[in-house]
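Data block below; observations after.
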Amino acid sequence: MEEQSAFEEFDVKSNFVRRRSLLPVWIKVFTWLFLIGGAAAVGILICGSFLTHISLSIYGIQSPHPYTLTGFLISILLIYKGIVAYGLWFEQKWAPQAAIIDAIVGIAVCIIMMAIIPFTVPNISFTIRLELIPLYFYLLKMQKIKSTWENL
């Protein structure tokens, strides 16, 4: 009778698939951009009192300073995107669900900035938010790979 070693699973590398390989190249590129953006948002919030003028913008929301209501909102969005990017890059089990939430929030904010805010705030004009296109495909891809990701 042949004995099996407790370390045999480390010797045989059959069917080893990285979760990261489920992501398309364009999501990997955005992952790195938002890793950097999330870290920059944390740095901006920490050093915000020393900054005289820094322009923040995402999804059509703009702020001239990080310590305003819109500045905090932008910083929170960027930090959350950085956390999601960290989860995706380092193959965390919770990452696809967080990415789905990220995409839904991004789509909602874009629609609000495109369809509601221009008609309620007089100095903001109507713009078509092209971020909706990659956000839609991001949402679809994350929904598609969620079960495979969690089972690996």
Candidates Val42, Val17, Val84; GNM for the chain (alpha-carbon contacts under 10 Å) flags as most fluctuating Val17
With -39,500 (n - 2.57) per DSSP H segment of 4 or more residues and division by the full residue count of the chain, the 222 nm estimate, nearest 500 deg cm²/dmol, is -19000 deg cm²/dmol
Taking Cα atoms only, Rg over Rh for the chain with Rh from the Kirkwood formula is 1.14
Taking the convex hull of the alpha-carbon atoms of the stretch 86-145 and averaging its shadow over every direction gives an area in square nanometres of 4.6
Percent relative contact order for the stretch 45-152, counting Cα pairs under 8 Å at least six residues apart, stands at 22
Computed over the stretch 21-62, the Cα gyration tensor eigenvalues, each multiplied by 5 and square-rooted, give semi-axes in Å (largest first) of 27, 12, 6
Ranked by GNM mean-square fluctuation in the chain (Cα springs under 10 Å), the top entry among Val105, Val121, Val29 is Val121
Which of Thr120, Thr70, Thr31 fluctuates most in a GNM of the chain (C-alpha springs under 10 Å)? That residue is Thr120
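Any read-out appearing in this document is the output of simple, stated calculations on the displayed coordinates, not a laboratory observation. Keep in mind it's a predicted model, so treat the numbers as computed, not measured.
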